[in-house]
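The values are calculated or read from the model by the stated rules, or taken from the named source; none is laboratory data. All figures in this text were calculated on a predicted structure; none of them were measured in a lab. FYI the Cβ positions are ideal-geometry reconstructions off the backbone, even for glycines, and counts take in every protein chain you see. All accessible areas refer to the heavy atoms of the entire protein, side chains included, with ligands and DNA or RNA removed. Shrake-Rupley method; radii C 1.70, N 1.55, O 1.52, S 1.80 Å.
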Amino acid sequence: MVRRTHVWGDQAYRGQSDVIHECSPRAKDCTNKRYRYKNWIDEVERAKNRTKSRVRSKVEHVFAVLKLKFDFTKVRYRGLAKNANRLFTAFALVNLFMVRKRLLGHMVA
């Protein structure tokens, strides 16, 4: 069983706090909160949302590379072992892709 300490989500998950606490009762809910209401803007809540979005964007970028560069948009039904092997290989390639400039910079110099 995976223990989740934080659950991250954008404003699309704002109304799902009951579901989040049901699935992960001890996890901290780090979804973005509403900061705008009529003509009033809560700058403190807006700053908190920006911080949460910065953390989430670092992870989402990796999944975008996985889906777009390595065509991992669909999982084929080949069996759990084969799907896991494909996923682990794809993530290894994503890690290499993310640091490619640093790796090539050391090779040129």
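Quick notes on this one:
- Among residues of the range 11-34 being among the polar types (S, T, N, Q) and open to solvent by less than 70 Å² (accessible area, probe 1.4 Å), the one that is farthest from ALA47 (Cα to Cα) is SER24.
- Cβ separations smaller than 7 Å between residues 6+ apart or across chains give no pair from the range 18-32 residues that are part of a helix (DSSP H, G or I) to residues that are of a type in the set (Ser, Thr, Tyr) and surrounded by fewer than 16 Cβ atoms within 10 Å (Cβ to Cβ).
Residue by residue, here is whether (1) free of Cβ contacts under 8 Å to residues at least 60 places away in the same chain; (2) in a helix (DSSP H, G or I); (3) within 20 Å of VAL7 (Cβ to Cβ) holds:
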| site | (1), (2), (3) |
| --- | --- |
| ASN49 | yes, yes, yes |
| LYS52 | yes, yes, yes |
| ARG56 | yes, yes, yes |
| HIS61 | yes, yes, yes |
| VAL75 | yes, no, no |
| ARG86 | yes, yes, no |
| THR89 | yes, yes, no |
| VAL94 | yes, yes, no |
| LYS101 | yes, yes, no |
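- Scanning the range 42-58 for residues that are open to solvent by 80 Å² or more (accessible area, probe 1.4 Å) and either within 19 Å of the chain's Cα centre (by Cα) or not β-branched (Val, Ile, Thr) (or both) turns up GLU43, ARG46, LYS48, ARG50, ARG54, LYS58.
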